[in-house]
Amino acid sequence: RARAQLKASVVMAMESNSGRCETLARQIQIFGRPQSMEEIVAKVDAVDLESVRRAGKALLDGKPTITALGPVDKMPEYDTLTARLRG
């Protein structure tokens, strides 16, 4: 179901001129060139549980950057926040 939703959102993003421009600009920034719809669908279809686990591990293994807006006097210390993120 998530795959179908992602594919549908990619197709819908390409329906408007602004969406198409944003999508193409993002693809050029990330991949160095525009991606065909077939390439995008193939990449979505290639996602499996292990690749999701690897991506999650890569995110959680890094040192997070934490920002705050507003009064921070009651905000927990950095180490407390990162410990919560790691479970």
- Message: Looking only at the stretch 42-78, count every residue that is out of contact with any helix residue (DSSP H, G or I) (no Cβ under 6 Å at 6 or more places or on another chain) and either polar (S, T, N, Q) or within 22 Å of M12 (Cβ to Cβ) (or both) and tell me the total.
- Response: 8
- Query: Of everything in the stretch 1-33 that's within 18 Å of K43 (Cβ to Cβ), part of a helix (DSSP H, G or I) and among the basic types (K, R), which residue is modelled with the highest pLDDT?
  - Reply: R26
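In the stretch 52-87, what residues are among the hydrophobic types (A, V, I, L, M, F, W, C), over 30 Å from R1 (Cα atoms) and surrounded by 10 or more Cβ atoms within 10 Å (Cβ to Cβ)? I'd like the intermediate steps shown before the answer.
Keep residues of the stretch 52-87 that are among the hydrophobic types (A, V, I, L, M, F, W, C), which gives 52, 55, 58-60, 66, 68-69, 72, 75, 81, 83, 85.
When the remaining residues are screened for being over 30 Å from R1 (Cα atoms), the result is 66, 68-69, 72, 75, 81, 83.
Passing the criteria: I66, M75, L81, A83.
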- Message: Being surrounded by fewer than 13 Cβ atoms within 10 Å (Cβ to Cβ) and in contact with a Pro (Cβ under 7 Å, 6 or more places away or on another chain) is the filter here; which residues of the stretch 1-38 pass it?
- Response: I28
- Item | Residue satisfying all of: in the stretch 39-51; surrounded by fewer than 11 Cβ atoms within 10 Å (Cβ to Cβ) and farther than 16 Å from Q5 by Cα; nearest to the chain's Cα centre (by Cα) among these | S51
- Message: Which count do you get for residues in the stretch 48-82 that are assigned to a helix (DSSP H, G or I) and of a type in the set (D, E, K, R)?
- Response: 6
- Query: Considering only the stretch 25-72, how many residues are under 18 Å from L85 (Cβ atoms) and of a type in the set (S, T, N, Q)?
  - Reply: 2
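Restricting attention to the stretch 32-70, report how many residues are closer than 28 Å to C21 by Cβ and either touching a residue at least 60 places away in the same chain (Cβ under 8 Å) or of a type in the set (S, T, Y) (or both). Walk me through how you get there before you give the answer.
Just the residues of the stretch 32-70 that are closer than 28 Å to C21 by Cβ, to begin with: 32-47, 55.
Narrowing further to those that are either touching a residue at least 60 places away in the same chain (Cβ under 8 Å) or of a type in the set (S, T, Y) (or both): 36.
Counting residues in the stretch 32-70 that are closer than 28 Å to C21 by Cβ and either touching a residue at least 60 places away in the same chain (Cβ under 8 Å) or of a type in the set (S, T, Y) (or both) gives 1.
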- Any chance E39 is acidic (D, E) and either in a helix (DSSP H, G or I) or touching a Cys at 6+ places or on another chain (Cβ under 6 Å) (or both): yes
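The values are calculated or read from the model by the stated rules, or taken from the named source; none is laboratory data. Please read all numbers here as calculations on a predicted model, not as lab measurements. Cβ atoms come from the backbone with ideal geometry, glycine included; neighbour counts cover every protein chain shown.
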